1. Taking the range 228-241, which residues are away from the ligand (no atom under 16 Å from the Cβ) and in contact (Cβ under 8 Å) with a residue 40 or more places away in the chain?
2. I'd like to verify a number: residues in the range 293-310 that are surrounded by 22 or more Cβ atoms within 10 Å (Cβ to Cβ) and among the hydrophobic types (A, V, I, L, M, F, W, C), how many?
3. So Glu15 ticks every box in (1) over 27 Å from the mean Cα position of the chain (by Cα); (2) within 26 Å of Thr115 (Cβ to Cβ); (3) buried (at least 17 other Cβ atoms within 10 Å of the Cβ) but one. Which box is left unticked?
4. Can you find, within the range 91-107, the residue that is nearest to the chain's Cα centre (by Cα) among those that are hydroxyl-bearing (Ser, Thr, Tyr) and at pLDDT 95 or above?
5. Return the pair list, or none, for Cβ contacts closer than 7 Å from residues in the range 66-80 that are on the phi > 0 side of the Ramachandran plot and free of Cβ contacts under 8 Å to residues at least 60 places away in the same chain to residues that are among the small types (Gly, Ala, Ser) and surrounded by 12 or more Cβ atoms within 10 Å (Cβ to Cβ), at least 6 apart or on different chains.
6. Only strands (runs of 3 or more DSSP E) wholly contained in the range 289-338 count here; list those with 1 or more residues that are among the polar types (S, T, N, Q), away from the ligand (no atom under 16 Å from the Cβ) and free of Cβ contacts under 8 Å to residues at least 24 places away in the same chain.
Amino acid sequence: MPVWNEKYETMKRDELEQVQLERLQQTLNRVYRRVSYYQNLFNKISFDPDTISTLGDLKKIPYTSKDTLRLAYPYDMFAVPLREVVRMQSTSGTTGQPLIVGYTKNDIEHWTELTARVLYAGGVTKDDIIQICFPYGLFTGGIGFHYGAEKIGASVIPGSEADMENQIIIMRDYRTTAFACAPTYAAQLFEVMNEKGITPAELSLSKGLFGAEPWNESFRKEIEEKLSISVTDNYGLTEIIGPGVSFECDHKNGLHISEDHFIPEIIDPDTGSVLGPGEKGELVLTTITKEAYPLIRYRTGDLTCLYYEPCTCGRTLIKMGKIFERIDDMIILNGQNMFPSQFEQILTEAIGTAPKFQLVIDKKETLDELEIQVEISGDFFFDEMKKLAELEITIIKEVKERLDFIPKVKLVEPRTIKRGMKKAKVIDKRYK
Ligand SMILES: [Zn+2]
C-alpha cells in the first residue's frame, strides 16, 4: 500500500499524540503572543497557554467562527509580520466576504507535503503524468496540488481553466495518466468527450483525484466505469490550508486526516458540545503547524463524523466520513429542514444515474415553493411522454414521503443547467 510519509502517517497513537501536544503548545503560545483576537480571548477566559498539559485542555478554548475571520479582514488573524509571508491565497467568498490567508516558507513546505500525501495515496507516483484541472489563482486547488505533484516527481501539466475541449486534447496528446479536479468538472469533461467523439480508450487515464465539492458513491461508480479509472476523494479548505487536510487511501472508505498537522473534533452544531466517534456533526479543526494563519478550534461548517478503527492500509491517522453537506447548504421550506444531498439521493434512485439538477425556491403568498429542475440525458427516452410523466410523479411522491414537501418537477434537456467549478444547485428567489 502506498504511503508517502511512513514516519507520520503510520506513527503509533501515543507517539502521534505527543507530537500533537508539543505542536499545540507551540501554536497556542504563538497565537497568544501574535494575534490580538486570541490574546483577548485567552485573557477573557483566564487561559494561560503555558499551562496546557494534555490534548483535552484544548476544550477549554471557545470555537473560532468564520465571522471572526471576516471581522479580522484583511490581516488581523495573521500571526507573523507580512515580510515573513511568501504567499497569499483567498477563499471564494461564495458565502460572504472573501478571506485572505497567508503562508510562510514553512507553511508552503508543509502544504506541499500534505498534497503529496493526498496524491500518493490516490496512486500518483513519479511515473505519472498528472493534469491539474483546478483553477490556478487565488483559489487553493490548482497551485496546492501542483506543488505536491512536483514533490512526488510526477510530470505536472497545469491545465488550470483551459477550455474543456483543449483540456481533453491535452489529456489525449500528452498521455495524461492522472487528473485532479472537482467532481462536476469531471462529469462535464466526460460529456464533452462524448460530444466530440473522443472515447476513454483513446486516453491513458488511470486515476482521478476529486475534491472541492461533496460527491457520492454512485457518482464515483459511474465515473470509474465510464472512464475506466480509480477515483479517490480528498478534502481541505482554504482557511485551514487548502487541499491536503484529509484524503482517501485505496480502501475508499473514509478520508485519513493528517493529524500531525491538524487536530479534528466533531461537535453538535446547535449546542457546541463535542460528539463521540461515529457521531455526525460539524467538523472543527485546529492547525498545529501553521505559522502565518493558525486557527484554534475553527468551525468548518462541514458535516461529517470521525472513525477511529484502524485501516488496513497501514496508516494510523484517523478517518472522517465523506462530506455530504455543509451547514450553509441547509434549506428551510415551510419550516422543514432539508439538504440538497437528500434530493440528489432521491433523483439518483429515480433516474438510475447521478443527476444534474438544481433547486429553484420561491414564495407564493405565504408559502414556500420548490421546483426541482432535472436534466435528462439524450438517451433517456426523451420522446416517450408517458415515461417522462411517470418519472415526474415518482420524484414528487418520493420527495413528499421522505421530506414532507410537495415540489414541482421540471425535466430539462442536457446542458440546460449552468454549472461551474462551484456548486450552484440552489437558487433561492424568496428574499430578492
Ligand atoms: Zn487507509
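The values are calculated or read from the model by the stated rules, or taken from the named source; none is laboratory data. The shown structure was predicted, so the numbers you read here are calculated from the model rather than taken from an experiment. Positions of Cβ are generated from backbone atoms using ideal geometry, with glycine treated the same way; all protein chains shown enter the neighbour counts.
1. Correct list: Gly236, Leu237, Thr238, Glu239, Ile240, Ile241.
2. Matching residues across the range 293-310 total 3.
3. Among (1) over 27 Å from the mean Cα position of the chain (by Cα); (2) within 26 Å of Thr115 (Cβ to Cβ); (3) buried (at least 17 other Cβ atoms within 10 Å of the Cβ), Glu15 violates only (3).
4. Filtering first and then ranking leaves Tyr103.
5. Within 7 Å, no pair qualifies.
6. Numbers: elements: 298-304, 331-333, 336-338.
Counting at least 1 such residues, we get 336-338.
Yes or no, residue by residue, for (1) assigned to a helix (DSSP H, G or I); (2) surrounded by fewer than 21 Cβ atoms within 10 Å (Cβ to Cβ); (3) within 16 Å of the ligand (Cβ to nearest atom):
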{"site": "Pro243", "(1), (2), (3)": "no, no, no"}
{"site": "Asn253", "(1), (2), (3)": "no, yes, yes"}
{"site": "Asp260", "(1), (2), (3)": "no, no, yes"}
{"site": "Glu265", "(1), (2), (3)": "no, yes, no"}
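Let's see how each residue does on (1) closer than 20 Å to Phe139 by Cα; (2) basic (Lys, Arg); (3) touching a Pro at 6+ places or on another chain (Cβ under 8 Å):
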{"position": "Leu71", "(1), (2), (3)": "no, no, no"}
{"position": "Asp76", "(1), (2), (3)": "no, no, no"}
{"position": "Ala79", "(1), (2), (3)": "no, no, yes"}
{"position": "Thr91", "(1), (2), (3)": "yes, no, yes"}
{"position": "Gly102", "(1), (2), (3)": "yes, no, no"}
